[in-house]
Amino acid sequence: MDEATASLDVENETKVQEALSHLIKNKTVMVIAHRMRTVAGANKIVVLVNGVVAEQGTPEKLMKKNGIFTHMVQLQTDRQNWSIA
């Protein structure tokens, strides 16, 4: 659903994410996403690089590792805070 919500405004994207969270509660779901917001609540994240597992763990564990996942989160956070002065 990451790409399906990519062109939505923030309010509607949030509504879609909340609805999906409700639908997948207590289920095993595989999510492939580019937006870190999409996987923020995951129990386990697997980061692939060229089809090979580079990192895996909870979002908290991966952030503490300060590796590829952390770098992707920082890039998206920096991009969201960017503005033209």
- [ ] With 10 Å bins from zero, work out the P(r) of the chain over every alpha carbon pair and list the percent per bin.
- [x] 15, 45, 34, 6, 0
Open item on the list: Counting only helical runs of four or more DSSP H residues, what would the 222 nm mean residue ellipticity of the chain come to if each run contributes -39,500 (n - 2.57) and the total is spread over all its residues?
Closed with: -14000 deg cm²/dmol
Open item on the list: Test of the criteria: in region 9-85, which trypsin sites (Lys or Arg not before Pro) are in a DSSP loop and have at most 10 other Cβ atoms within 10 angstrom of their Cβ?
Closed with: Lys25, Lys27
Open item on the list: On a full-extension model of 0.36 nm per residue, what is the gain between Ile24 and Val10, subtracting their alpha-carbon distance, rounded to one decimal in nm?
Closed with: 2.9 nm
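All of the numbers you see were taken from the coordinates with simple rules; none came from a lab. Predicted model, so just to flag it, every value in this text is computed and none were measured. When we count neighbours, we look across all protein chains shown, and the Cβ atoms used for this are built from the backbone with ideal geometry, even at glycine.
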